Every structure is written in C-alpha cells, then in structure tokens.
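Report on the structure given below.
The values are calculated or read from the model by the stated rules, or taken from the named source; none is laboratory data. Predicted model only: the values in this text are computed from it and were never measured. When we count neighbours, we look across all protein chains shown, and the Cβ atoms used for this are built from the backbone with ideal geometry, even at glycine.
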Amino acid sequence: MNEGTARREITKGGWEWVVLQQGPSSTDLNRDTVRLAAGLFAAEIEKVNARLALFSAWPREGRRQDFPRAIESCTLAATDVSGILLPVASAWLAAWSRDPTLQLYVDCLHASRKVPTSRRW
C-alpha cells in the first residue's frame, strides 16, 4: 500500500472486482488498519466501476480463538465501504465443524493445496 503499486494498478481500470486481503485482523490495531485501507482504496475502485471485496483470512494455526474477531474485522471493513465479504475464515470453521480432522494448513499459516476428494459434503 505504501509504494502505490496497488493504487496505480487499480486506476488502470478493466477490473470487475478488486479483492483486498490483510492478515487475520483479530487485534485492534489490525482491525483499524484493514478498515482504513478499505476506505482508502474504495474511492479509487469505485472510479473504475469495480466492486471491492474483502478476503476474510484465517488466523495462524493454534489461534482458533481469533477466528471470530478476524471475521468481524473484515465484515466491518466490507460494510464500511459497501463492499462484499469473501468469508474464507468462516468457511474454514464450517469445514472443521463437519470434519475436525481436516488439515487446512500446509504450515502454521498458509492454506494447504490438498482438497479432500473422498469426502462428500
């Protein structure tokens, strides 16, 4: 955000959607940052007739207690700018409620590429 690369790309236009993602945003400081960033980008996105979407990221492995606040932060940011929420963190919780043994992390932070093929949802 500080280098202006994203803003320059947005202003080129041709986008239908612009997706913003920040870490899990479960702390007050990160919540403020995601809401501020969404607000700063919203006008530029609107100028090129695109829609803003907030990608709700998941917390680090071992921090499941942070999911509700992380989800709430992205939800607030999306609401602030009349954007939409991509509820990925909520989807992780829903998947675990169906199968708590799912290994959704490839390491302690990033998502696994493995998709369970033997399970029927």
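Say whether the condition of being assigned to a loop (DSSP other than H, G, I, E, B), in contact (Cβ under 8 Å) with a residue 60 or more places away in the chain, in contact with a Pro (Cβ under 9 Å, 6 or more places away or on another chain) and within 14 Å of residue 88 (Cα to Cα) is met by at least one residue in the stretch 19-29. Taking every residue of the stretch 19-29 in turn, at least one turns out to be assigned to a loop (DSSP other than H, G, I, E, B), in contact (Cβ under 8 Å) with a residue 60 or more places away in the chain, in contact with a Pro (Cβ under 9 Å, 6 or more places away or on another chain) and within 14 Å of residue 88 (Cα to Cα). Only a single criterion out of (1) under 27 Å from residue 16 (Cα atoms); (2) buried (at least 16 other Cβ atoms within 10 Å of the Cβ); (3) among the aromatic types (Phe, Trp, Tyr) is not satisfied by residue 67, namely (1).
Listed here are the residues, each with its yes/no results for (1) closer than 30 Å to residue 12 by Cβ; (2) modelled with pLDDT under 95.
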| position | (1), (2) |
| --- | --- |
| 61 | no, yes |
| 76 | yes, no |
| 82 | yes, no |
| 87 | yes, no |
| 98 | no, yes |
| 110 | yes, yes |
| 117 | no, yes |
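Being assigned to a loop (DSSP other than H, G, I, E, B), at pLDDT 95 or above, more than 13 Å from the chain's Cα centre (by Cα) and not acidic (Asp, Glu) holds for only one residue in 121, 15, and it is 15.
Would you point out which residue out of 86, 76 is under 25 Å from residue 114 (Cβ atoms) and either among the acidic types (Asp, Glu) or in contact (Cβ under 8 Å) with a residue 40 or more places away in the chain (or both)? The conditions single out 86.
For the stretch 69-85, the count of residues that are under 22 Å from residue 6 (Cα atoms), touching a strand residue (DSSP E or B) at 6+ places or on another chain (Cβ under 7 Å), aliphatic (A, V, I, L, M) and assigned to a helix (DSSP H, G or I) is nonzero. Tallying residues that are of a type in the set (Gly, Ala, Ser), out of contact with any Asp or Glu (no Cβ under 8 Å at 6 or more places or on another chain) and on the phi < 0 side of the Ramachandran plot within the stretch 1-41 yields 3.
Restricting to the stretch 3-12, count the residues that are assigned to a loop (DSSP other than H, G, I, E, B) and within 26 Å of residue 88 (Cα to Cα). Here the count works out to 0. Return yes when residue 57 is within 24 Å of residue 17 (Cβ to Cβ) and surrounded by 14 or more Cβ atoms within 10 Å (Cβ to Cβ) and no when it is not. Answer is yes for this residue. Counting only residues that are within 17 Å of residue 20 (Cα to Cα) and of a type in the set (Ser, Thr, Tyr), the stretch 75-111 holds 4 of them.
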